[in-house]
1. Need one number: % antiparallel among DSSP beta bridges in the chain, to the nearest 5.
2. What angle, in degrees between 0 and 90 and rounded to the nearest 10, separates the Cα long axis of helix 168-177 from the longest principal axis of the Cα atoms of the chain?
3. Can you pull the one-decimal nm distance between simple spin-label points at residue 10 and residue 164, each 7 Å off the Cα toward Cβ?
4. Relative to the longest principal axis of the C-alpha atoms of the chain, give the angle of the C-alpha long axis of helix 39-52, reported between 0 and 90° and rounded to the nearest 10°.
5. Angle check, please: helix 191-207 long axis (alpha carbons) against the longest principal axis of the chain (alpha carbons), in degrees 0 to 90, nearest 10.
6. Ranked highest first by average number of other Cβ atoms within 10 Å, how do 176-182, 234-240 line up?
7. Which part of segment 90-114 falls in the paramagnetic zone of residue 128, meaning amide N under 14 Å from the point 7 Å along Cα-to-beta-carbon?
8. Can you sort 95, 140, 1 so the residue with the fewest Cβ neighbours within 10 Å comes first?
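Here, each number is a calculation from the coordinates, and none is a lab measurement. The structure displayed is predicted, hence computed values, not measured ones. Note that we place each Cβ from the backbone using ideal geometry, even for glycine, and neighbour counts take in every protein chain shown.
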C-alpha cells in the first residue's frame, strides 16, 4: 500500500462541529453537554472560569472564534474580539463586530490598550508565534495579564492550519523572549484523561459519522456504543480533578507584562 503524503493533506477526515454563540438557556445547556463529552473544551472551561470571572478593564480575545468565554466576563468589562481575516474560510467562524488580523500579522489595536489578552487554542494555528507574542506585548498595558491555552495530546485539526505542539519549557522560553515575566504553566488532565480522550476520538466517528468534515449524522448501530461514550466522558471529567501528569490534554499559561 502506498503511504499518503500527509504534507499535502488539506482537510481532516472527521471534525467536531464548530462552536456556536451561547445565547439563551438552550444554548447554555447544549454548551454544557458538549463540555462534558469534549474533554478539551471542558478542561478549558474549568481553568478559565475563575480567572475570567474576575477580569476587568479591556480584554482582547485573540482567535476568538464563536467567543465561547465572553459570557464569563463581569458586567463592565470591555470585550474586544480579534481573529484572522480568514476565520470563516479556514475555521468556519464568522462573528459580527470582530477586528481582523491581516497577512502582515499586525493587530489593529493601539499600543498599551488591554488589561487582559486571551488566546485559547490559538497559538498552534499561528505561523509565527514569536511575532504573535510581540504583538500581544505591544497591545498590553504595563502590568497586564496574558492568558494562553494550547493543546498537547490532541489530534491534528483544522488541517492544514495546525502547525505546532508546545511544551511548558517552550512556552516559558517564547514568553520570556517576548518580554513577559511571571510565567506559570498548568497542565490540563493526566494520563487517564488522555486515555479517555483518545478512546472517545476513536468511538465518536462511529457514533456520529460524517459525509464531510463537520457534517454529522447519527448511525443507528453507533447507538450501541453510546453508553461506553458516556462512561468514558464521565471518567475523563473525574480525572481532571486529579493531579496533572506528564502527558495531558494541554496547557493553560498565565503571564504578565512587566510594570
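1. Working: 15 of 32 bridges.
Restricted to the chain, the bridges split so that about 45 percent are antiparallel.
2. Tilt of helix 168-177: around 20 degrees.
3. So the two model labels end up 2.6 nm from each other.
4. Taking Cα atoms only, the helix is inclined about 30 degrees.
5. It works out to around 60 degrees.
6. 234-240, 176-182
7. 102-107
8. Details: 95 15, 140 26, 1 3.
Exposure proxy ranking, most exposed first: 1, 95, 140.
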